[in-house]
1. Shielding by partners for A:101-114, please: the mean number of other protein chain Cβ atoms within 10 Å of each residue's Cβ.
2. Give me a comma-separated list of calculated 3J(HN,Hα) values for the range B:102-110, in order, Karplus coefficients 6.51, -1.76, 1.60 applied at θ = phi - 60°, integers in Hz, x for any Gly or Pro.
3. 5 Å is the cut-off here: which amide hydrogens, built 1.01 Å from N in the peptide plane, fall below it relative to B:Asn301, excluding neighbours closer than 5 in sequence?
4. Going highest first, how would you order B:303-315, B:363-375 by mean Cβ packing within 10 Å?
5. What does the average come to when, for each residue of peptide B:328-334, you count the partner chain Cβ atoms lying within 10 Å of its Cβ?
6. Please order B:Val69, B:Val473 by the number of other Cβ within 10 Å, starting at the fewest.
7. Tell me, in nm to one decimal, what length is gained between B:Ala534 and B:Asn292 on full extension, where the rule is 0.36 nm per residue of separation less the Cα-Cα distance?
8. What pairs from A:Lys268/B:Lys181; A:Lys234/B:Lys485; A:Lys183/B:Lys590 go past 22 Å between their alpha carbons?
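Just so you know, all these numbers are worked out from the coordinates, no wet-lab data involved. Bear in mind that the values here come from a model prediction, so they are computed numbers and not experimental data. Neighbour counts are summed over all protein chains in view; Cβ atoms, including those assigned to glycine, are modelled from backbone coordinates with ideal geometry.
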Amino acid sequence: MKDKLDGIKCAALDIIERAENTSQLNDARVKYLGKSGEISLLMRDMATVPKEERPAMGKLVNELRAAVENALNAKTELISQLELDRRLKEEAIDVTMPAKGKRTGTLHPLTLITQELIEIFANMGFSVTEGPEIESDLFNFQLLNIPKDHPSRDMQDTFYVNDSILLRTQTSAMQARIMTQSKPPIRVVVPGKVYRSDDDASHSPIFNQFEGLAVDKHITMGDLQGCLQTFAQKIFSKDTKVRLRPSYFPFTEPSVEVDVTCSMCHGKGCRVCKGTGWVEILGAGIVNPAVFDACGIDSSVYSGFAFGFGIDRIAMIKYGIPNIKMLYENDMRFLKQFN
Amino acid sequence: MFTPVSWLKDYVDIDVTPEVLAAKLVAIGFEVEEIVYQNKKASNVVVGKIVDVQRHPNADRLRVTQIDVGEKTIQVVTNVPVVGGETIAVALDGAVLADGSTINEGELRGVRSEGMLCGLEEVGLTEDDVDGQKKGDILRFENGTALGINALDALGYNDVVLDIAVTANRPDCNSIYKLAKEVAVALGKECREPSVNYKTSGGNISDTLTVTVQNQLLCPRYMAAGVKNVRIFPSSPKIKARLRAVGIRPINNIVDITNYVLTEIGQPMHSFDRRELVGNEIVVRNARDGENIFSLDGKENKLDKSMLVICDSDRPVAIAGIMGGLNSGIKEDTAEVVFESAKFARDNIRRTSRTLGLRSDSSSRFEKGIDFASQEYALKRALTLVYESGSGDIVDGVIDVKIDFAKERKIRFTLKQLRDILGCGVPKDELISILTKLGIAVSEEDGALVAIVKEDREDIVGVNDIAEEFIRVYGYRHIRPTLFKYASLTSGGMNERMKVNDILKRRLCACGLHESVTYSFTSPDFADKLRLSADDKARNTIRLVNPLGEALSVMRTTLTHSMLETLAYNLTHFNKEAALFELARAYLPKSLPLEELPFEEERLCIGMYGDGVDFFSLKSAVEEGLDALRLTAEYKRSDRPYLHSGRAAEVLIDGKSVGFIGELHPSAAQTYGLENVRVYVAELSVESMYSVKNLAKPKFAAFSKFPTIERDLAVVVDEEVPVGDMLAAVKKAKIAHLTDVRIFDTYRSDQIGKGKKSVGIGFSFSSAERTLTDDEIAQQMTRILAVLKRKTGAKIR
């Protein structure tokens, strides 16, 4: 009997040792531990063993069962590990293959800049609004101190629809609309398309402007400078300096041109700033009392400032876009860059 | 305004470089656009003398010359038939000509050549610029001209000219003298006045000429003076050089004097040949409708009664302020001259000039505005120049017909007012000193200051103008930045429309679309390209009166056209795929011709082509966009003429069409050059989406903690039955506990039958209170099948 046990043990451990996969192991389990497996049969054979030997024999059979079970379990674990390893190996992929799904698209650079501008000015308490692009002569010119046949109309080449309706040449038209329609305090910015009949290498007949207007008691040129300095430092860089130069716009008095230190060379002088270190970016000034009078705001009580600049120009400076026309061609190779 | 520095120096002692002067002018409000060194138009082109000429050994038409250029003699091969002894202009090795080209020494047909003979063009001049110089000929100098000097210097082109941008509020500064005054302020110097000093020689202008101004509104002042025994000759080199420097062609002494004064004082003048003035009179009146005049440029002008003309007793002899008549111009034998120095109404000159298409240095100055102070000064200055140049005998007296005008204006203001505008301290002494230098006297009256502004500064009318005059000289650097130091608090931010637009844009980007921006105006042929029917409302476009061209002449009523053009552009520019959207306006007239402002409708347009792109890619983008605004759409077939009839849908929100989605019709595709790709395009009005509810923040809703039970159903329906109808039928039937229904599959086969399709529909059931039983679900599924059968003829497969 004992020899038989040893024989079974040797054979079983050998089979288990040589098993290569789960199914062979299962076969081995059935063969030895199954209902009619060799070890199970041994238990049945116990009846033939003399009574006094039974306990010892039973112990030996149990030990055998335990040894085979342990071996089976150990081997099962080993094989399932191997099989998992094999599966994972088989399932290997080329991780350098492209990602699935569409890439997120892009906002147009003009929108990106506009969003940035809106955030900057909203944080300074400016509300944001838009206005009509096809505008009346009244708002675009007359209420802004630019009467018909006034020489300052030569400053802008206007597209006309008829004698009294035109494509707005400036978002300043919204100044007049806002001032005739609301009471101070006013603090508003207006982004939008404007139209001028220029079409050459450096001009587009359509471009985008960003207008600002603040009307309140006690608004000064210092506030204008502070506001524009904050804007310039946020849109360009912290070390940007702002310079005001006298200029002329019919709806502001005094009027200024505003230069900022070149963001390319930080004022040292380069191609972008034509070696001057300064880049002209906007026109501004103190609201002309004549405009207040025309729009029904008491110029003896209120003062204000206004400014306007080209969003296209800011985009070109910030992103280094060489030609304004590219903004309107919408070449995918261009648009995709503004991620 | 071209401003020769030498001319400024007549009135101001300028002791700084042109660059420094330019910077100083910019600082006080006069932008200098360019500094032109006349003698640097070409470099290394010098005066040389041809000392020897030989035939070229290898070419009959070429000559080998030896040219003395001062320090040395060089050999130049030329095809110009020179004979030797001429003093000419020669470009040396390394010279850069006016057109930017460089001259280098080299060999011409085997003979060494160290330079090139130059003509006008090479040094950037024309035959108008140099007396006696023929077009096409080389530049020639008098013998004895210093050799080796810059040829432009030798021609008298050695001035520095500032191109100054004079702003529209300072028409007075379209003159050398007034700019000189500004220069004096900028440099802290004194300014001298152009001298008025002449002697008359008897007679009296009033005895032989009368001036009648019939319309003093359009001609508030008319002055005239006479010169007898006129001699016509070329002006002095100095006057000619100055006129040329400012872009005026010298003609003769009399005409040149008027142009000189125009440039110097800013007052346009005119000279009439006295013998041509019929009836010894000048009448300033409105033209008669149909009246004609040939202007000095030879052009015939048809006049109307809105235009002002200068007439003799018979006929117009000049178009007031714009151009003289051919009939009364100065000729070689003119013996008696009448000078006119007048003020004409700015707006009228502008309109007349536009109407006639006739512009001149005179009209452009009148359009900008001429002050009352200039007429008399200019007339006397012109007579001074006549006297100095010996051009004739000045008749005693001047005629001066004028309205009453204010000689000065008083502006009361306080230092506090200035401080409130500028936000910086205003030292009183400094203020008074600056204003005084600018010609504005200041006095004090019971605590306030009073500025006395002369008639030549029509732009100064109020305190703000005084503030500007002060600060532009005092310097903006004195202003310290503040941020709403004393102003009210306001809260900023976007309005609803802009927020909605922003949400849409960001969501569409997330769907892989790229934002495009196109022109708002387009060609009227868009309607035909899109195959719009004759009565399609989109044909009602707003037309520009003065477009840049037909291709940009109408305001668009649809974005689709621009989108298709953009897609076509991308296709021809190596982009294998494109997925774009634009959020912009369509311009919809309420009536045509336009009587009121049109409706500017915000639209969303999406366009795409490329691998894997189909109708449902487009639909997905549209639904994503709508979803971002908490909107759901329904679809029904569309018959828009530019869309594929089988692949097009109207997009309905709350039952109303807001636009379309679809595949581009092959015929339309062809008109855009898009026939080789399938193009998908959508255009929706965004106007109905601008509501607060579209911006509502997400709100939590409880969901069931019991299991969701899923059931699938496959039914066969006729091919024409839209699955959308099937879903709608189920949704409408109010099936108990149904939380979701979706199409997961459609399938066609012979077994199912021709004209039929199998539709797989998935259902989800759930209850918030309990786990649902199979029986309950089975009941509901039976109901669903019945509904589908009744509404769509579905049979279970």
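1. 5
2. Karplus values, whole Hz, x for Gly and Pro: 10, 9, 10, 6, x, 10, 10, 6, x.
3. B:Ile293, B:Phe294, B:Ser295
4. Top of the packing list down: B:363-375, B:303-315.
5. That average works out to 0.
6. B:Val69, B:Val473
7. Net length gain for the segment: 82.6 nm.
8. Result: A:Lys268/B:Lys181; A:Lys183/B:Lys590 exceed 22 Å.
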